[in-house]
Amino acid sequence: MSETMFQAYASLEPGGRLQDWEYEPAPLGKEEVEIRITHNGLCHTDIHMRDNDWGISTYPLVPGHEVVGVVTQTGKDITSLAVGDRVGFGWIRDACRQCDHCIQGEENICHNGYTGLILGHHGGFADKLRAPADFAYKIPDRLDSAAAAPLLCAGITVYTPLRTYVTRPAMKVGVIGIGGLGHIAVKYAKAMGAEVTVFSTSPDKEAETKEFGAHHFQIWENADEMKKAHSSQDLIINTAPAATDFETALNLLGNNGTLCIVGLPTCSVEVPVTSLVFGQKAVVGSVVGGRRFMREMLNFSAVHNITPMVETMPLSQVNEAMDKVAANKARYRIVLTA
């Protein structure tokens with residue numbers, strides 16, 4: 001077996017189960033690092049990409065974009081990282097670095113389009129990875145690797161809009177969905193000083209939700225509870241990956257409130273214009289985060305001891321893990337270990 005070959009798990013066709021696969025990586029670039037992968041967070045996006053739900057996947061596809069590992073090689077121009085450093089990679093692999101957004105650390109909305117870690121490149125479900133060092137993030141010592149991995153996508157996905165829209169103490173923040181993203185959103189919102197309400201379809205999650213820091217828990221299908229919550233929220237983060245009743249969601253907002261969509265259901269969004277206009281409400285989207293917020297989020301997590309609830313499974317059981325996530329049976333994030 002060649003020492004230059006990387007061992008990976010890949011889907012060879014849309015919807016295909018992942019299988020053992022190897023590939024020869026491109027030579028290590030002068031601005032890249034190579035890492036030995038130890039942990040991978042399993043994101044629902046990996047399943048969307050495996051199945052080509054968005055029509056952007058290429059095959060063979062090696063998923064994995066919540067990657068933590070140890071630096072084993074550095075390109076000749078790298079001075080910020082050294083062999084032995086523990087680092088992570090998230091959804092964004094690279095960006096133009098020249099547009100106004102990139103200059104402000106908002107590579108997630110790069111004017112010229114960022115490069116995804118698993119868009120035309122092989123991701124973290126492998127023994128090693130090579131990628132640009134500028135998008136490798138040092139993991140704070142206070143965060144263990146299993147906890148850090150999901151923060152690199154799930155964490156930054158909810159941190160960015162909370163950081164953007166939680167602008168005053170005791171804001172009322174609602175979180176729709178208490179899964180891999182939602183439970184981290186609750187922890188961040190609480191740490192930012194918000195009064196947090198969770199809206200869920202899973203009554204059995206109430207006790208855990210309160211442990212995460214939520215002040216209130218309401219069942220989405222309970223008409224009486226939802227009526228009492230009418231016009232009560234300043235900000236709602238919708239983490240649900242499935243279709244949502246957006247009229248109900250907008251009715252939960254007070255005037256000048258904001259509904260932020262971070263989940264990616266494969267459907268269109270219908271927004272009731274009357275509620276939007278007469279309440280001066282806003283519907284916005286947010287996608288992961290740039291380097292500025294990513295570094296800040298990791299440090300914020302370390303300082304406030306914010307970690308996701310994870311269960312670990314060996315990478316060799318990746319298909320079983322994906323089945324569990326697809327069946328909504330993960331509590332709350334699965335991390336695959338080498």
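Throughout, read-outs are computed from the coordinates displayed, never taken from laboratory work. Not measured: the values here are computed from a predicted model. Every residue, glycine as well, gets a Cβ built from its backbone with ideal geometry; the counts of neighbours run over all protein chains shown.
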What aspartates and glutamates could a cross-link reach from K76, if we take a straight Cα to Cα line under 20 Å and drop same-chain neighbours fewer than 8 places away?
E31, E32, E34, D85, D94, D134
Helix axis angle, 182-191 relative to the chain longest principal axis, alpha carbon, degrees
70 degrees
Gyration tensor (Cα) of the chain, equivalent ellipsoid semi-axes in angstrom
35, 21, 19
Give me the distance in nm between label points sitting 7 Å out from Cα along the Cα-to-Cβ direction at R168 and I103, one decimal.
3.3 nm
Which value in Å does the Kirkwood hydrodynamic radius of region 1-101 take, with 1/r averaged over all unlike C-alpha pairs and then inverted?
15.3 Å
Calculated from backbone phi, Karplus (6.51, -1.76, 1.60) coupling profile of region 115-123 in Hz, x at Gly/Pro:
9, x, 4, 10, 9, x, 9, 8, x
Suppose we keep just the DSSP beta bridges with both residues in the chain; what percent of those would be antiparallel, to 5?
55 percent
Kindly identify region 82-131 as rounded, prolate or oblate by the Cα gyration tensor criterion: order the square roots of the eigenvalues as a ≥ b ≥ c, call it rounded if a/c is under 1.5, otherwise compare a/b with b/c, prolate if a/b is larger, else oblate.
oblate
Nearest 10, in degrees from 0 to 90: the angle of helix 156-165 to the longest Cα principal axis of the chain is 40 degrees
For region 155-285, build the convex hull from the C-alpha positions and give me its volume per residue in Å³.
95 Å³
Going residue by residue through region 228-236, the Karplus relation 6.51 cos²θ - 1.76 cosθ + 1.60 with θ = phi - 60° gives ³J(HN,Hα) values, rounded to whole Hz and with x marking Gly or Pro, of 5, 8, 4, 6, 9, 10, 7, 9, 10
Determine the gain in length on full extension of the stretch L28-R142; use 0.36 nm per residue of separation and subtract their C-alpha separation, reporting nm with one decimal.
38.0 nm
In whole percent, what relative contact order does the chain give with Cα contacts below 8 Å and a gap of six or more residues?
18 percent
Helix 291-303 versus the longest principal axis of the chain: what angle, 0 to 90°, nearest 10, using Cα atoms?
80 degrees
